Structure formats: structure tokens, C-alpha cells
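Report on one structure; see the data block that follows.
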Amino acid sequence: YVAAVYEHESVLSPNPAALVDRRAALALMARNLDIYEQQVAVAAGQGAQIIVFPEDGIHGFNFTRTSIYPYLDLFLPGHSVEWNPCREPRLFNDTEVLQRLSCMALKNKIFLVANLGTKQPCEHVDPHCPSDGRYQFNTNVVFDDDGALVATYRKHNLYFEDAFDPPPEADYVLFDTPFAGKFGVFTCFDILFFEPAVNLVRQYNVKQVVYPTAWMNQLPLLSAVEFQQAFATAFNINVLAANIHHPALGMTGSGIYTPVKSFIYHNMQSSGGKLIVAEIPVITPDYKTSLESSKILGENLYHSSSVFKSVSMDDQVCYKEGQEVPCRVSQSEESLPPFYAEMMYDNFTFVPVQEDKGELKVCANTLCCYLRYHRAASTHELYALGAFDGLHTVHGTYYVQACALVKCGSLHFSSCGQEVTDAAASMDFQLWANMSTPYVFPLLLTSGVTLDFADHMGWKNDHYFISKNGTSSGLLTAALYGRWYEKD
């Protein structure tokens, strides 16, 4: 099917905390909706059957609970209200934004996914009801190609969003399409948590996801395109991700992702929006058979269990009798003392990568990471292998097990973990770790914040591994990012 995502440079309120009336709020939002309207027409003209717009794209951000109120449309549950806003505009008050989006979908015969703010009155008998008598939700809406409202999703994991309330319980939202079957829906920060994102994908066997986001990039492990791709790869699904475009705030990075190929946009230099349109294979519940018979994606990239069995790590890693831990690590580098540096606000344990080839090991708590590597040519760059096993507590609280091979900011050990965007060293590597969680997101980022794909990955002898022969350009990050949800 043909999908589109639009990275939108939103027109923002010059003073989001100021109190304005509904008319002024609608006037600001109309400027963003005018851009949406143009992009929907362009995407439909290129054959797109579905288009996704970013989080906060219509109203912007940094509002207070009170100042956002005039920007809010009425909340309507998509699964239980049969309504076509474009065809029946007078059915509900305070639905001007929904009506415009509906008409874009209808006029262009396209499924449309957008994010807006909504309000829902509540009674004080409801124990969750806020003191002002209303819920305010960060909301994704989906319209079908006839303009009907078919799905509404309320963001569950808010990221310092004082203007909004989380829903009383997590929404599991699916919608059906004639061209690709079921899609799941969630928003931005949700992608890092079990509820509802991971549970939705697993429980409902979702194979395509629409994902509006307003993501601030954080290298080396959480840039937008890097983690969006890792999510698609980890769950063998398609992800249609639309981010907002505000490079001054570190916000860029959108894409259409399949488990083995991506169409991405990451641009920290230029202004303006970007439309991505791509044709991708439908992933069906019997994905393996459809992909193996598919010429488009190349059989060697399909990470099936048979591939894991054929990738023999036994000749590269030995296991002592009764031990789960690989024991062969060359003595020359094993004796290097570890050092500590902050990465992603966490205290990682590192060992330096100082030779052109070798084997390394580093441990933190119960997690041990192993690296076998070979640099294509000597470059004057410092790399390090780092491990972290603990509770991340800055900008959100969640438990991480991470093994990461990263390029350092300079030749000083203290620079390891800094944000780096360019690298020269191409590398062959195999990275593996005794992960305690089944939820491991493989990250592979190369110079210029571009993506590369592993040759093989998966579980072997209770270790998760990722391997690559020759990165396409200089290596920035190769990492196993494990989320141990039970310990959050």
C-alpha cells in the first residue's frame, strides 16, 4: 500500500500561556490546517491511501491547562459514535477542527490521522474528574476515506504536559482499512512503555501502527528515527511516524518503516515541512510466509528463527559447563579498567575500544555486554562499549538495560556518551548481552543520523545479539536497548 507521513513545521502561538477566545484559537489552528490541506492533496495525488500528521501540529505546545482550553474540540469516542463531521457539521458544537480534517479525508478519498486537543465534561462523582469539571486529552483522530470518524485515541503517557489529563484507563485503539487490514494507534512517549503500545501490538497482533509524535531527539540512543526503526524491527511491523519540525528545539525525524527498509527524514538544518510518500508491503498476521515469498524485501534480511539457528555463534563464543555467560574474551583487552561517564543522564560503565580489532566485555549489575569488532581502517576517533542496568529517572522514570557501542565526543573518556552526529569509522561487529527482558530494541545509527540495518539479530543461548559486516558509513551507535517494564 502507499502511505504518507508529513513532518510539519507548525505555526505556533507567540505566547501559549496567554488567554485567548475560541475565535482567535481557531484562527491560529486554521493556518496549520491550511498546510495540512495542501499536503493531503499532494499525498493523494501521489497515490497515498493513508496520511499521518504529527502530535501538537495543529495547536502547538507549552500551554497551561487554562490557556489551551479555547483550542480544544469536543471529545468524541471514535468506536461508538457513528459520525461524519464533513457531511453532518451541525451535529455537535466545538468540532470545527474535526470538520476540517474530515473534509480533507473525504475530498481526497484518503485515510487521515491527526492529533488535536479535546475536552470532555465530567461529573464530580467520577473519582478521576479534575477539579474544573472537565477532562482535557491529547488526542489522535482517524478518518476513513469517506470522512467518517473511525477511531479516537487519548495519549496515556504524558510527557510534562500540564495542559492535558491521562485517560482514566489506557485506550487500545484499532481501526480497519481495506488496503492493509488493522492499524494500531498511539502517541509519542507511549512508545517507551508497555501500556498501551507494546500490549496493543502483542495482544491484538497489530502489524501496522500510526504514530503521531513531537519528539525531541536525544543522541546517542533516543533519536526519533533510530527508535522508530527499532520499534518496527523489534516487533516485525510497519510504523508510520510523523514528527513535528522544530530543529531549534531538537525536533525532527519522521519516517515510514518496515522491519527491513525505511524511508526517513531527519534534518536539523532547514526549515519547512516534509512529505514522505512510500509504497510498502502489507504485513499480514502470517507475516513470515508473505515476506519470504516477497521479492521486494530480499530473503536474507528476514530475521526468522531459522536464520538464528544458522548463524552459529558457537564458534565465536564458548560457554563453560553450567554457565550461561560467554567465556572467551581476549585477555589483552579484558584487563582494561572500566571507566564511568554519563550517557542519556544515566551512569554508564564503559571500556574503551582502542585497537583496530578485538573482543571486549563490560558489565553493570547483572548485565554483561560483549563485543567482537573490526574497523575497516584506522581513524582518529575514540569508541567505547558501555553498559547500564538500572532505573532511568530523568525526563520520565523507566527501567533500562542497555549495551551500547558509541562514538565518543572527543578523544577523552569523559566525552563518551555525548551527542555526536558524525563519524568516519566503518565497522564489522557482533554485539551480544545476557538481557533479562524479552523486549530488546536493536539500534544502529550511522554518520549524519542515518539508519543502517543489521545483518542478523535475535536470541541465541539466552543472549540477544546483533551483527553487521561493514556499516554503510561511519558508525555512531550500535546498541541493544532493553526495556524491563516490570521494574518501572
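The values are calculated or read from the model by the stated rules, or taken from the named source; none is laboratory data. Computed from a predicted structure; not experimentally measured. Virtual Cβ from ideal backbone geometry, glycine too; neighbours counted across all protein chains shown. In case anyone asks, the SASA skips ligands and DNA or RNA and just uses the protein heavy atoms, side chains included. Shrake-Rupley method; radii C 1.70, N 1.55, O 1.52, S 1.80 Å.
Pick from segment 142-161 the residues that are closer than 13 Å to residue 101 by Cα and free of Cβ contacts under 8 Å to residues at least 60 places away in the same chain: which of them is surrounded by the fewest Cβ atoms within 10 Å (Cβ to Cβ)?
144
If you check every pair at least six apart or on different chains, which have Cβ atoms under 7 Å apart with a residue in segment 361-372 that is outside the structural domain of residue 434 (by the TED database) and without any contact (Cβ under 8 Å) to a residue 24 or more places away in the chain first and a residue that is crowded, with 21+ Cβ neighbours inside 10 Å and not in a strand (DSSP E or B) second?
Close Cβ pairs satisfying both conditions: none exist.
Do we have residue 459 as touching a Leu at 6+ places or on another chain (Cβ under 9 Å), of a type in the set (A, V, I, L, M, F, W, C) and at pLDDT 95 or above here?
Taking the combined requirement at face value, the residue does not satisfy it.
Here are some residues: 131, 102. Which one is touching a residue at least 40 places away in the same chain (Cβ under 8 Å) and in the same structural domain as residue 187 (by the TED database)?
Values: 131 fails: touching a residue at least 40 places away in the same chain (Cβ under 8 Å).
Going through 131, 102 in turn, the sole match is 102.
Taking residue 453 and the conditions (1) part of a loop (DSSP other than H, G, I, E, B); (2) among the hydrophobic types (A, V, I, L, M, F, W, C); (3) over 19 Å from the mean Cα position of the chain (by Cα), which numbered condition does it fall short on, given that it satisfies the others?
(3)
Just to verify a result, which residue in segment 226-256, among those that are out of contact with any Ser or Thr (no Cβ under 7 Å at 6 or more places or on another chain) and part of a loop (DSSP other than H, G, I, E, B), is surrounded by the fewest Cβ atoms within 10 Å (Cβ to Cβ)?
Ranking the candidates gives 250 first.
Can you name every residue in segment 1-29 that is of a type outside the set (D, E, K, R), open to solvent by 30 Å² or more (accessible area, probe 1.4 Å), part of a helix (DSSP H, G or I) and in contact (Cβ under 8 Å) with a residue 24 or more places away in the chain?
Listed by number, the residues that qualify are 24, 26.
List the number of the failed condition for residue 87; all other conditions in (1) closer than 22 Å to residue 251 by Cβ; (2) assigned to a loop (DSSP other than H, G, I, E, B); (3) not hydroxyl-bearing (Ser, Thr, Tyr) hold.
(1)
Could you tell me whether residue 441 is among the aromatic types (Phe, Trp, Tyr), open to solvent by less than 20 Å² (accessible area, probe 1.4 Å) and farther than 21 Å from residue 343 by Cα?
no
Go through segment 409-438 and count every residue that is open to solvent by less than 10 Å² (accessible area, probe 1.4 Å) and either touching a helix residue (DSSP H, G or I) at 6+ places or on another chain (Cβ under 7 Å) or β-branched (Val, Ile, Thr) (or both).
So the answer is 1.
For residues that are in a strand (DSSP E or B) and closer than 27 Å to residue 393 by Cβ, scanning just segment 467-488, find the one that is farthest from the chain's Cα centre (by Cα).
So the residue we want is 476.
Tell me, yes or no, whether segment 54-65 has at least one residue that is assigned to a loop (DSSP other than H, G, I, E, B), over 25 Å from the mean Cα position of the chain (by Cα) and modelled with pLDDT of 95 or more.
Yes: one or more hits.
Just wondering, is there one or more residues in segment 35-48 that are touching a Cys at 6+ places or on another chain (Cβ under 6 Å) and surrounded by 24 or more Cβ atoms within 10 Å (Cβ to Cβ)?
No: zero hits.
Check segment 59-73 and report whether any residue there is open to solvent by less than 10 Å² (accessible area, probe 1.4 Å), of a type in the set (Gly, Ala, Ser), out of contact with any Lys or Arg (no Cβ under 8 Å at 6 or more places or on another chain) and more than 24 Å from residue 254 (Cβ to Cβ). If you could, list the steps in order and put the result at the bottom.
So the first thing to find is which residues in segment 59-73 are open to solvent by less than 10 Å² (accessible area, probe 1.4 Å), and the list is 59-60, 67-68, 72-73.
Pick out the ones that are also of a type in the set (Gly, Ala, Ser) and you get 60, 67.
Subsequent filtering for residues that are out of contact with any Lys or Arg (no Cβ under 8 Å at 6 or more places or on another chain) retains 60, 67.
So of that shortlist, the ones also more than 24 Å from residue 254 (Cβ to Cβ) come out as 67.
For segment 59-73, residues open to solvent by less than 10 Å² (accessible area, probe 1.4 Å), of a type in the set (Gly, Ala, Ser), out of contact with any Lys or Arg (no Cβ under 8 Å at 6 or more places or on another chain) and more than 24 Å from residue 254 (Cβ to Cβ): present.
For residues that are charged (D, E, K, R) and exposed (fewer than 11 other Cβ atoms within 10 Å of the Cβ), tally how many sit in segment 126-140.
Residues meeting the conditions: 0.
For segment 193-225, give me the residue count where each residue is surrounded by 20 or more Cβ atoms within 10 Å (Cβ to Cβ) and either hydroxyl-bearing (Ser, Thr, Tyr) or in the same structural domain as residue 406 (by the TED database) (or both).
Residues flagged as surrounded by 20 or more Cβ atoms within 10 Å (Cβ to Cβ) and either hydroxyl-bearing (Ser, Thr, Tyr) or in the same structural domain as residue 406 (by the TED database) (or both) within segment 193-225 amount to 3.
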